[in-house]
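The values are calculated or read from the model by the stated rules, or taken from the named source; none is laboratory data. What you see is a predicted model; the values in this text were computed from it and never measured. All Cβ positions, glycine included, derive from the backbone under ideal geometry; neighbour counts span all protein chains shown. Heavy atoms of the whole protein, side chains included, go into the accessibility calculation; ligands, DNA and RNA do not. Shrake-Rupley method; radii C 1.70, N 1.55, O 1.52, S 1.80 Å.
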Amino acid sequence: MRTKTRQHNTRRTNPAASDRPGTTRRHTAGRPLVSRKLPIVIEAKPLPASPNGVNGYTKALRFLATLSDYERLRIVRYNATNFDLDRMRTLLKKIGNPHDQFKSVHVAGTKGKGSTCAMIASMLQAAGLRVGLYTSPHLMDIRERIVINGEMISQSDFGHLVRDIEPVVGRIKPSPTYFDTLTAVAFKYFADQKIDIAVVETGLGGRLDSTNVITPEVTAITSLSKDHMAQLGHTVAKIAEEKAGIFKPGIPAISVTQDPDAEAVLRRVAEKVGAPLDITGKSIEFSYRFESSRMLGPHNRVCLTTPNSKFEHLAVPLLGEHQAINCGLALSVIDRLKGRGFPVSDAKAMEGLGKTTLPGRMEMLGQTPRVIADGAHNAASVDALMRAIGQHIPYDSMVVIFGCCADKDVTGMLERIAAGADKVIFTRVESIRSADPNELSARYIEAYGKMAQVANTLEDALAIANRAVTKEDLISITGSFYLVGEAKRLFASRLTNGTNGASVRVS
């Protein structure tokens, strides 16, 4: 087996797409003249619910709003009091331990969790399995978090489940949190719907996360970097310790190649727990390369080989080098599931992989001007975004609209933005944890000597950006899933009103 990941470039590297992703040089050097076609995606809208369903759904949302929501609080202490698995186990026990009624895959990590989960779920669904997918956060609709075979839970089912769980939540002290309750709703829904397997993404961390009550078939750790440092620690080693908390005795664990300190922690925890750990690109033979073709345009291809699987030259369905790494992890999970008796052929896995789509990641919201949105919310993710844009989207100049939460690695994100953006407009995100855009602008100007503008709202920021760009330029909205969700709602409203043309998604 090969011992390390190989990356092959089939064309001359464009410096504007790698080392210098933000120069004003037109980003088409060394690129074929045929550009990748972007499919128009018309998102299906749920059928109107019955009056009782709407009423129940509205009541459910009101109840959830009364619970402690650590995703939105400014300061959260990461301890066994706030993140109490015994409280979660009590809640689940009182509703029949639904998490024991289905098989699962558990995914933790800093970046790439949602993408990896989406690819795993799509491959399993193509194999004919009934697949639950539990992810967070949502962009526009809370029901995005709870999905079976690509379909969100209905408003009626969501309302009924919350109504049934509400009195149970009220009797538990201390009271379960917003995320506890949503997780219980998801697990109960999956059990009631008799799914074959659930793909479960952790929320914060792993060790104390509400989802860490399941006994999965496989655990997976995506790329680790600095995020939620106030809760998880200020080094990747400490963060790795928390993420590795999902490892279980005898359960296969898989990771991508990590920072050496993080990898050492993962290996130590896996050995202590008794979880067999493999790493794509090391103990699992894996490679990827960037290429361009007339049909697909610029894209990545991956190869992964094990005794049970042979995936050769598969096109990665999501854009960016980081997605090639996520794809390798997803394929490794499928391989381990095959080894545990799941009927997934290589052909069906490849078919499902090609159908993977994921809102809020390199999503093209508008074409005139071109507007792309991505939920990159830490330094590593912003860096990956800047590189992916440079590789896949030709442009003359890029305007970045940026807003983030104050508890993030702001310094690291600003550094990556400075490397990629020709112009930056700072704005506020829809969260109490939002960083002050005026402070962001001041820090950016002081650190990099570049001019920046401030807008109080995303709509104002887009108005400023629209006046500054031509049809050859690009507007990128990033820094927070809250900001991306707001952007999607804004463009959906414009589409409804017929003011911004068709919505297009890069997939």
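With the convex hull constructed from alpha-carbon coordinates only, the stretch 311-369 shows a mean projected area of 5.0 nm² over all directions. Summarised in one figure, the compactness ratio Rg/Rh of the stretch 335-431, Cα atoms and Kirkwood Rh, is 1.11.
Heavy-atom surface analysis with a 1.4 Å probe gives the stretch 240-309 a carbon and sulfur content of 53 percent of its accessible area. Summarised as an ellipsoid, the stretch 226-324 has semi-axes of 30, 19, 10 Å, derived from the eigenvalues of the Cα gyration tensor scaled by 5 and square-rooted, with the largest first.
A Förster distance of 51 Å, applied to the separation of the beta-carbon atoms of Leu67 and Arg294, puts the FRET efficiency at 0.45.
If you look at the Cα atoms of the stretch 128-229, you get an Rg and a Dmax of 14.2, 42 Å. Residue ranges 347-355, 381-389, 483-491 sort as 381-389, 483-491, 347-355 when ordered by packing (mean number of other C-beta atoms within 10 Å per residue, highest first). Here the convex hull built on the C-alpha positions of the stretch 390-433 has a volume of 87 cubic angstrom per residue.
For the stretch 107-188, the carbon plus sulfur part of the accessible surface works out to 48%, probe radius 1.4 Å. Between the C-alpha center of the stretch 125-180 and that of the stretch 263-335 there is a gap of 29 Å. For the stretch 168-209, the Cα gyration tensor yields ellipsoid semi-axes of 21, 16, 6 Å (square root of five times each eigenvalue, largest first, whole Å). For the stretch 186-279, the share of alpha carbon pairs falling in successive 5 Å distance bins from zero is 2, 14, 24, 24, 17, 10, 6, 2, 0 percent.
Per residue, the accessible area of the stretch 418-468 comes to 49 Å², computed with a 1.4 Å probe over protein heavy atoms only. For Ile372, the residues 5 or more places off, or on other chains, whose built amide H falls under 5 Å of its own are Leu365, Ile475, Ser476, Ile477. A simple packing score, the average count of other Cβ atoms within 10 Å per residue, orders the peptides 254-261, 102-109 as 102-109, 254-261, with the highest score first.
Rg and Dmax over the alpha-carbon atoms of the stretch 271-331 stand at 13.4, 50 Å.
Annotation: the stretch 445-496 has a Kirkwood hydrodynamic radius of 12.7 angstrom, from the mean reciprocal C-alpha pair distance.
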